[in-house]
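Notes follow the structure.
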2 protein chains.
Amino acid sequence: MKIILDGMGGDFAPQEPVKGAVAAAAELPNHEIVIVGPVEVIQEELDKCKFKGDNISIREANDVITMEDSPVRAIRRKTDSTLVVGLNMLKDGQGDMFVSAGNTGALVVGARLILGRIRGIDRPTLASIYPDMTGGDPCLLVDAGASSESKANNLLEYGLMGSIYVEKVWDRPNPKVGLVNLGVEEGKGTSVTKDAFQKLKASHLNFVGNVEAREVPKHVCDVIVCDGFVGNVILKLTEGVSLSIFKLIKGALMTNMKSKIGGALIKSQLTALKDEFDYEEYGGAPVLGVNKPVIKMHGSSSATAVKNAILRGLPYAEEDIVGVIRTEMLKIQEFIEEDED
Amino acid sequence: MKIILDGMGGDFAPQEPVKGAVAAAAELPNHEIVIVGPVEVIQEELDKCKFKGDNISIREANDVITMEDSPVRAIRRKTDSTLVVGLNMLKDGQGDMFVSAGNTGALVVGARLILGRIRGIDRPTLASIYPDMTGGDPCLLVDAGASSESKANNLLEYGLMGSIYVEKVWDRPNPKVGLVNLGVEEGKGTSVTKDAFQKLKASHLNFVGNVEAREVPKHVCDVIVCDGFVGNVILKLTEGVSLSIFKLIKGALMTNMKSKIGGALIKSQLTALKDEFDYEEYGGAPVLGVNKPVIKMHGSSSATAVKNAILRGLPYAEEDIVGVIRTEMLKIQEFIEEDED
């Protein structure tokens, strides 16, 4: 496989993407990595890493889409940006997967515009890794904010694509799919979630029903389905509440001498706990529903995160997830049409 | 003022409501409390409390709407339930405010059907108290789940009513109103939130703009405006994440002898922290937009929570919040009509 890596995407580019590529290349001697970016800049970073292998190459691209750029305009105008060049290489078969820590909106829009939607998929989506706060393996939340408004069919698509990804890429057979809703009962929710419930229930997916937001942190399902607005609220609120509580705890531990000693004694446990919410280990999150494999990394990705995004994302390309989605989508579409008779 | 209390609402009725009424009556010698319920049962509880005052009376009602009842059907059929009898008393002027820890859906539906909407209000709403996780006073979240789908005008109404309530009942002048959205920028969101942003911005409210879910726990505004689906997700997810983290911490403290000792030393700080999220002190949450004051208490309310709901909710009746909403609503309606020309 040939992995195309955005050498200038993310807060710590080009250093961390290049270091991550070098680490990944060492573990993947039979695969190639092409780093997209300004040749001299990338080469300088490679030299710093004392890279001696032959499975990393550089593809020139001299512009960068920044966090401030408007996605659609940037994709159309910044044709020499690492993101646009990388996606075009993927489209043209000059690589098998594109990995980037750059502007999320631009990556999603670019993937849709340049690679195109899988036939039958109405809305490509961005998934996100959601922590299991009971200490187990994380879940996949779909949609993480690619579309702010979704129809019932879109939610069904998210469930289907998320389920395939978790099963094939995370190697978790028959993953449980849950729908975020106002209550667990079948009749609950908006017209969209009620309709989505029926479609998910009638599908071949392992649908476990509605999931209340209270249960979301407890890994009650492997694939958390919701529209992008709710997905955005879930991801950001989880972060906001977690950070606020850890800050309050830190403050509480400074109350008096006794609590300070107690705090010192439990410091390593608290640090370990914070690390549990850090999914660098788990790699990036997939853009799903486009015609080629695209992986989004967090903007603040370290070299380890980049390495893991490449290593753990590889099955997205190797297992031909796009092909599987294409086939399964046809199944579901037939079913939806039958259902509407 | 005469407060009507649902004697059979909540998980710990009739004991806790009656004990709470007795505690409130002692602090409100110039006000009356009418407890609605089966006379013998309520009297027995009053006797247990050794209540000697003359400002508590009982109004007979022999049926109860349970948590399992379907709201609309229960309001229509259970005409002798404490909830329906209490709301009818309020409607007929046999009291100034109704307070209940019963079935939330039934209370909201009953308030709307029996008391009617304030003229100009399209959607009455249920507010909820939201903790300030930086340690300050809580915020008011509107809508907490009364309507799962809201139009832009509804969000404007929620902002207006929440703002009046926080200013007059919580005595917090010129409260900040924020709109939960995908990003802080003006153009972000769904068609509904974009439209609501413009309406809130053009209104006389102290609108501070969009608020990302990440910031919600940090008290960036006094009134958090969102539709009921998102409100439900915010409230339940905050609870779910908080409880999960406290559970993880408890587990982490049991790792080894050192952490156990540390845990023992910080126990009182952690307990204090948990209590900060417990808003018993702050009283109940208002149903807003109906023609009389109605206060909803948490289903698991203790006597203290009941007492505080009565004491702290009193300005809802005393300050004629319903009248203020009626007047301010006319202002906003004129403005909306002008705006549409």
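Considering the options A:Leu311, A:Gly7, A:Val85, tell which one lies farthest towards the positive end of the dipole of chain A, charges being +1 on Lys and Arg and -1 on Asp and Glu at the Cβ, about the Cα centre.
Positive-most Cα among the choices belongs to A:Gly7.
Quick check: the distance between the Cα centres of the stretch A:39-113 and the stretch B:137-209, to the nearest angstrom?
40 Å
Points 7 angstrom from Cα along the Cβ direction at A:Asp54 and A:Phe246: gap in nanometres?
Computed distance between label sites A:Asp54 and A:Phe246 equals 4.5 nm.
For the residue pair B:Leu113 and A:Asn256, what label-to-label distance in nm results when each label sits 7 Å from Cα along the Cα-to-beta-carbon direction?
Reported label-point gap for B:Leu113 and A:Asn256 is 5.5 nm.
Could you pull out every residue, at least 5 positions away or on a different chain, whose amide H is within less than 5 Å of the one on A:Phe207? Hs are placed 1.01 Å off N in the peptide plane, and Pro or chain starts have none.
The list, which skips near neighbours in sequence, is A:Val177.
Among the trypsin sites (Lys or Arg not before Pro) within the stretch B:44-73, which fall in a DSSP loop and have no more than 16 other Cβ atoms within 10 Å of their own Cβ? Spell out each step's value before the answer.
Values: sites: B:Lys48, B:Lys50, B:Lys52, B:Arg59, B:Arg73; in loops: B:Lys50, B:Lys52.
Filter output for the stretch B:44-73: B:Lys50, B:Lys52.
What's the FRET efficiency of A:Arg312 with A:Asp80 using the Cβ-Cβ distance as r and R₀ = 35 Å, to the nearest 0.05? Write out the running numbers ahead of the final one.
Numbers: r = 30 Å, r/R0 = 0.86.
For A:Arg312 and A:Asp80, the calculated efficiency is 0.70.
Using θ = phi - 60° and the Karplus curve 6.51 cos²θ - 1.76 cosθ + 1.60, what whole-Hz ³J(HN,Hα) does each residue of the stretch A:181-192 get, with Gly and Pro shown as x?
8, 5, x, 7, 5, 4, x, 6, x, 7, 4, 5
Anything over 25 Å Cα to Cα? Flag those among B:Lys91/B:Lys176; B:Lys236/B:Lys296; A:Lys331/B:Lys194; A:Lys91/B:Lys188; A:Lys168/A:Lys218; A:Lys247/B:Lys236, in the order listed. Present the calculation step by step, with values, prior to reporting the outcome.
Details: B:Lys91/B:Lys176 32 Å; B:Lys236/B:Lys296 17 Å; A:Lys331/B:Lys194 37 Å; A:Lys91/B:Lys188 30 Å; A:Lys168/A:Lys218 23 Å; A:Lys247/B:Lys236 21 Å.
Exceeds cut-off: B:Lys91/B:Lys176; A:Lys331/B:Lys194; A:Lys91/B:Lys188.
Given Cβ point charges of +1 (Lys, Arg) and -1 (Asp, Glu) and nothing else, what value in debye, to the nearest 20, does the dipole of the protein assembly as shown about its Cα centre take?
Working: 76 positive and 96 negative charges, 258 e Å.
My answer is approximately 1240 debye.
I want the antiparallel fraction of DSSP beta bridges within the stretch B:125-274, as a percent rounded to 5.
25 percent
Can you give the mean number of other chain Cβ atoms that lie within 10 Å of the Cβ atoms in peptide B:182-192?
So the per-residue partner count for this stretch is 3.
Out of all DSSP beta bridges in the protein assembly as shown, what portion is antiparallel? Express it as a percent rounded to 5. The partial results should precede the final answer.
Working: 20 of 76 bridges.
Just about 25 percent of them are antiparallel.
Of A:Val211, A:Leu160, A:Leu265, which is farthest towards the positive pole of the stretch A:127-279's charge dipole, taken about the Cα centre with +1 and -1 on the beta-carbons of Lys, Arg and Asp, Glu respectively?
Positive-end residue among those listed: A:Leu265.
Using a Förster radius of 45 Å, what is the FRET efficiency between A:His204 and A:Ala272 based on their Cβ-Cβ separation? Nearest 0.05, please.
Details: r = 40 Å, r/R0 = 0.88.
With R0 = 45 Å, the Cβ-Cβ based efficiency is 0.70.
Please report, for B:Arg73, the nm distances (one decimal) from its label point, 7 Å out from Cα along the beta-carbon direction, to the equivalent points in the remaining copies, shortest first.
Nearest to farthest, the other copies are at 5.6 nm.
So what are the ³J(HN,Hα) numbers for the stretch A:142-157, from phi and the Karplus equation (6.51, -1.76, 1.60; θ = phi - 60°), rounded to whole Hz, Gly and Pro as x?
Once θ is set to phi - 60°, the couplings for the stretch A:142-157 become 9, 9, 8, x, 5, 10, 7, 10, 10, 8, 4, 4, 5, 5, 4, 4 Hz.
Taking every DSSP beta bridge that has both residues in chain B, what percent is antiparallel when rounded to the nearest 5?
So the antiparallel bridges amount to about 25 percent of the total.
Tell me the distances, shortest first, between A:Thr134 and the same position across the other copies, using label points 7 Å along Cα→Cβ, in nm to one decimal.
3.5
How far, in nm to one decimal, is A:Gly120 from itself in the other copies if the label point is set 7 angstrom along Cα toward Cβ? Shortest first, please.
Result for A:Gly120, in nm, nearest copy first: 5.4.
From Cα pairs below 8 angstrom and at least 6 apart in sequence, can you work out the relative contact order of chain B, rounded to a whole percent?
About 22 percent, as a whole number.
Taking other Cβ within 10 Å of each residue's Cβ, how do B:Glu40, B:Glu68, B:Glu60 sort, fewest first?
Ordered by Cβ neighbours within 10 Å, fewest first: B:Glu68, B:Glu40, B:Glu60.
So, with +1 on the Cβ of K and R and -1 on the Cβ of D and E, and no other charges, what is the size of the charge dipole of the stretch A:127-279 about its Cα centre, to the nearest 20 debye?
It comes to approximately 640 debye.
We did not get these values from a lab; they are worked out from the coordinates using the rules stated. All values reported here derive from a predicted model rather than from experimental measurement. Cβ atoms come from the backbone with ideal geometry, glycine included; neighbour counts cover every protein chain shown.
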